[in-house]
Amino acid sequence: MRAGAAGIRAAIIDLDGTMLDTVPDFEAALNGMRADLGLAPITQATIKPLVGKGSEKLVRDALLLDWDAARVDAVFDEALAGYQRHYLAINGERATLFEGVTEGLQAMRAQGLRLVCVTNKPIAFTLPLLDQKGLAPYFERVFGGDSFEKKKPDPMPMLGACAALDLPPSQVVAIGDSSNDAESARAAGCFVLTVPYGYNHGRPIQEINSDGIVSSLLEAAEQISAHNHTAK
């Protein structure tokens, strides 16, 4: 954390790759969609680097593995609808919590931090998933990839979340697993913490410009507490 900076009063937390390992859900939904179109299944290893930029790009990239852009454009609406249908049918069934998530959220709340979830996942997928995994009660607001006109890495979702909290970005930390989260938060003026176990489009987490890499949300809570102690 940056020395001499303001105290942190809220945390904006990503979902896929930060709180939940959702690649197994993506595998089921994407392969259901691909089967509908006569395509062979793809593996989790292939899917993992594609995750994080929203459903539309995920579906498009999963089809570009086999088809050229013109053919993908021709079937895109059908493919996206199929993907959404398959995803809603299995949403959360295979997803698992990363270690330290619940403990980290509890520790943040115990510090008096306000929590918001900002994800590029559509809100119709996000809300039931958070509820199913017991995470919904920790967050006072939840924003999906279709909650704003632009998705991360644009700063709009972070600025929108700060506005909803009525807090300046300088008093908010964003926690995520990818360059999307960091670039969005940096442009908005928030602190940035990154976790190393997520997706990050297949790139090393060390390439991300952040205020620190934390092994879990629990460690993030500890770093925020230490920062606030020195900021007083």
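The values are calculated or read from the model by the stated rules, or taken from the named source; none is laboratory data. Everything numeric in this text was worked out from a predicted model, so none of it was measured. Counting neighbours? That spans all protein chains shown, and the Cβs are built from the backbone with ideal geometry, glycine included. Accessible surface is based on the protein model in full, side chains and every heavy atom, while ligands, DNA and RNA are left aside. Shrake-Rupley method; radii C 1.70, N 1.55, O 1.52, S 1.80 Å.
Annotations for the structure displayed:
- Of K121, K133, the residue with the largest accessible area leads and the full order is K133, K121 (1.4 Å probe).
- Measure of compaction for region 61-181 (Cα Rg per 2.2 N^0.38 Å): 1.23
- Converting phi to 3J(HN,Hα) with the Karplus coefficients 6.51, -1.76 and 1.60 and the offset θ = phi - 60°, region 72-83 yields 4, 4, 5, 10, 4, 4, 5, 5, 5, 4, x, 4 Hz in sequence order, with x at every glycine or proline.
- Close amide-amide hydrogen proximity is noted between R141 and C117, each under 5 Å apart and 5 or more residues distant or on a separate chain (H modeled in the peptide plane; Pro and chain starts excluded).
- Residues T194, T46, sorted by accessible area with the largest first, give T46, T194 [1.4 Å probe; ligands and nucleic acids excluded].
- Those lysines that a straight Cα-Cα span of less than 28 Å connects to K151, excepting residues fewer than 8 apart in one chain: K48, K53, K57, K121, K133
- Hz values of 3J(HN,Hα) by residue in region 36-53 - Karplus curve (6.51, -1.76, 1.60), Gly and Pro given as x: 4, 9, x, 9, 6, x, 10, 8, 4, 5, 6, 6, 3, x, 8, 7, x, 10
- Extents of region 44-126, taken as max minus min of Cα coordinates on every principal axis and listed largest first, are 52, 25, 21 Å.
- Scanning residues 5 or more positions from V192 or on other chains, those with amide H under 5 Å from its amide H are A174, D211, with H placed 1.01 Å from N in the peptide plane.
- Student exercise, region 23-154 dipole from Lys, Arg, Asp, Glu Cβ charges, in Debye to nearest 20: 380 debye
- The C-alpha atoms of region 175-232 occupy a region whose extents along the principal axes are 38, 24, 13 Å, arranged from largest to smallest.
- Carbon and sulfur %, accessible surface of the chain computed with the full protein complex present, 1.4 Å: 51 percent
- P(r) of region 118-206 over all Cα-Cα pairs, binned every 5 Å from zero, in whole percent: 3, 15, 22, 26, 22, 11, 2
- Every Cα-Cα pair of region 139-188 was included, and the share exceeding 12 Å stands at 60 percent.
- When Rg and the Kirkwood Rh are both derived from Cα coordinates, the Rg/Rh ratio for the chain amounts to 0.99.
- Among A220, S170, F143 - extreme Cα towards positive end, dipole of the chain, charges at beta-carbon: S170
- Summary: within the chain, the longest segment free of GluC sites (Glu not before Pro) located in DSSP loops with at most 14 other C-beta atoms within 10 Å is 1-92.
- Region 66-121 - charge dipole about Cα centre, Lys and Arg +1 at Cβ, Asp and Glu -1, debye rounded to 20: 400 debye
- Over the residues of the chain, the helix contribution to mean residue ellipticity at 222 nm works out to -14000 deg cm²/dmol, using -39500 (n - 2.57) for each DSSP H run of at least 4.
- Label zone (R94, point 7 Å along Cα-to-C-beta; backbone nitrogen cut-off 19 Å) within region 183-226: 198-202.
- Residue (of G112, F76, Q44) at the positive-pole extreme of region 1-133, dipole from beta-carbon charges: G112
- Sequence-ordered 3J(HN,Hα) estimates for region 159-164 from the Karplus curve with 6.51, -1.76 and 1.60 and θ = phi - 60° stand at 5, x, 5, 4, 5, 5 Hz, glycine and proline given as x.
- Subtracting the Cα-Cα distance of E103 and A6 from 0.36 nm times their residue separation leaves 32.4 nm of extension gain.
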